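**Student:** Here it is, the structure in full.
The values are calculated or read from the model by the stated rules, or taken from the named source; none is laboratory data. Keep in mind the model is a prediction, meaning the values are calculated, not measured. When we count neighbours, we look across all protein chains shown, and the Cβ atoms used for this are built from the backbone with ideal geometry, even at glycine. To get the accessible areas, we keep the full protein, side chains included, count just its heavy atoms, and leave off ligands, DNA and RNA. Shrake-Rupley method; radii C 1.70, N 1.55, O 1.52, S 1.80 Å.
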Amino acid sequence: MTLRNNVTKFAVAFMAALFFGLTLLVTVSHADQIYTVKSGDTLSGIEYKFNNDTNYNKLAKANKIKKVDLIYVGQKLLLKSDGEIKAATKKEVATVPATQSTTSTTTTTGSSSTTSSSSSAKAWIANKESGGSYTARNGQYVGKYQLSASYLNGDYSAANQEKVADLYVSSRYGSWSAAKAFWQANGWY
């Protein structure tokens with residue numbers, strides 16, 4: 001009888017230790033973080049990057065402005081473990097750990113990998129939108145990047161499509177890479 005009691009006590013202690021260890025692991029992996037907005041970031045891109053319980057509407061509310069797609073380089077956001085997003089206070093910035101950056105900026109033969117990444121993202125979007133065709137049409141959407149005809153102002157030339165697409169992506173997403181991330185999350189850009 002004593003052996004059975006000892007085995008039971010050991011099993012209960014082991015299961016409790018395992019449970020608390022896993023709980024601690026989950027808590028640590030989803031701890032609150034401070035995220036600093038970088039050039040080219042978008043709200044949806046931040047959500048996609050961290051792929052947690054964060055959602056676009058919470059990020060938008062954190063900005064406390066009517067134009068929800070406007071964020072500023074250097075702005076600090078608190079990404080809480082429960083999915084809440086808010087503008088970080090000075091105290092939170094001082095006490096909560098910053099997110100770990102996964103972006104590298106290596107240079108090769110004078111051009112940064114960001115440029116090749118941007119070119120790759122631009123080609124990826126063109127392929128998804130039109131198969132790379134400047135003459136593709138889908139209702140009001142025209143050309144290689146399927147821009148609204150109103151953006152192109154009647155000039156459907158390849159040069160104008162490239163120029164307008166670059167301006168559109170720059171103003172809306174900051175970069176082609178961020179636009180691609182948004183496309184992957186939403187099926188459009």
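**Student:** Leaving out ligands and nucleic acids, note down the accessible area per residue over the stretch 115-189 with a 1.4 angstrom probe, in whole Å².
**Tutor:** Numbers: 3890 Å² over 75 residues.
Accessible area per residue, the stretch 115-189: 52 Å².
**Student:** Another question, if that's okay. What length, rounded to one decimal in nm, is gained on full extension from T2 through to S133, with 0.36 nm per residue of separation minus their alpha-carbon distance?
**Tutor:** Values: separation 131, 0.36 × 131 = 47.16 nm, distance 7.90 nm.
Between T2 and S133, full extension yields an extra 39.3 nm.
**Student:** Would you tell me the accessible area of I46, worked out with a 1.4 angstrom probe on the heavy atoms of the protein chains, in Å² to the nearest 10?
**Tutor:** Its accessible surface works out to 0 Å², give or take rounding.
**Student:** Can you list residues from other chains, or at least 5 along the same chain, whose modelled amide H is less than 5 Å from the amide H of L147?
**Tutor:** Under 5 Å from the amide H of L147: V142.
**Student:** Starting from the 7 Å offset along Cα-to-Cβ, what nm value, one decimal, do you get for the label separation of A149 and T95?
**Tutor:** If labels sit at A149 and T95, their model points lie 5.8 nm apart.
**Student:** For R172, R137, R4, what's the largest-to-smallest order of accessible area, 1.4 Å probe?
**Tutor:** Working: R172 90, R137 145, R4 170 Å².
From most accessible down to least: R4, R137, R172.
**Student:** So for V73, V96, V142, what's the accessible-area order with a 1.4 Å probe, most first?
**Tutor:** Values: V73 110, V96 30, V142 5 Å².
If we order V73, V96, V142 from most to least accessible, we get V73, V96, V142.
**Student:** Quick check: with the 1.4 Å probe, what order do W188, W176, W183, W124 take by accessible area, largest first?
**Tutor:** Working: W188 115, W176 15, W183 45, W124 65 Å².
Correct descending sequence by accessible area is W188, W124, W183, W176.
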